[in-house]
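Each value in this text was obtained by applying a stated rule to the coordinates, not by laboratory testing. None of these values were measured; they are calculated from a predicted model. Cβ atoms come from the backbone with ideal geometry, glycine included; neighbour counts cover every protein chain shown.
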Amino acid sequence: MAVFEEMNTAVANRDADAYLALYDDDAVFVRHQSASEMSKAEFGDMIRKMMASRDMDMGSRRCIYENDDILVVHSINDYPDGSREAVLMACTKKDGKISRVETGATPLQK
């Protein structure tokens, strides 16, 4: 199964463990707002909180492109603070797992 399909299923099921299992233990998440980096553990805490919130909607997701080296995903996300963003996520893959994530987001009106 492609990583996107597994990711999409995990998001739809709000299954943080399944989502995080797609990431290499040394994965790095680059935050688009601050250009800072988060470890998988730090990113995992954020994902767990987001998926546990009934006010979080990671939107319908679509795969722009995926091969053995990269996955590019687009989604419209609604966040618990009431904001909404169009998010483009580029995931570098290594040995079938995501090793690096960089995002770009555009604020949207609801």
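What do you get for the angle between helix 3-12 and the principal long axis of the chain? Use alpha-carbon atoms, 0 to 90 degrees, nearest ten.
Helix 3-12 sits roughly 30 degrees off the main axis of the chain.
Quote the relative contact order of the range 3-108 in percent (integer), defining contacts as alpha-carbon pairs under 8 Å separated by 6+ residues.
Dividing the mean separation by the residue count of the range 3-108 yields 25 percent.
Please give every one of the aspartates and glutamates within straight-line cross-link reach of K97, meaning a C-alpha to C-alpha distance under 15 Å, and leave out same-chain neighbours fewer than 8 residues apart.
Excluding near neighbours in sequence, the set is E5, E6, D17, D24, D25, D26, E66, D68, D69.
Using a 7 Å offset from the Cα along the Cα-to-Cβ direction at both N13 and S83, what is the distance between the two label points in nm, to one decimal?
In this crude label model, N13 to S83 measures out at 3.0 nm.
Given C-alpha coordinates of the chain, what is the ratio Rg to Rh with the Kirkwood estimate of Rh?
Taking Rg over the Kirkwood Rh, I get 0.93.
If you restrict to DSSP beta bridges whose two residues both lie in the chain, what percentage is antiparallel, to the nearest 5?
90 percent
Name the lysines eligible as straight-distance cross-link partners of K94: C-alpha to C-alpha under 29 Å, and not fewer than 8 places from it in the same chain.
Output for K94: K40, K49.
Label I64 and K49 with points 7 Å out from Cα along Cα→Cβ: what is the distance between them in nm?
Here the answer is 2.7 nm between the modelled labels.
Roughly how many whole Å is it from the C-alpha centroid of the range 34-67 to that of the range 77-92?
8 Å
Hey, any idea what Rg/Rh is for the range 63-110, computing Rh the Kirkwood way over Cα pairs?
1.08
Does anyone have the angle between helix 40-52 and the longest principal axis of the chain? Alpha-carbon axes, 0 to 90°, nearest 10?
So the helix axis and the longest Cα principal axis differ by about 40 degrees.
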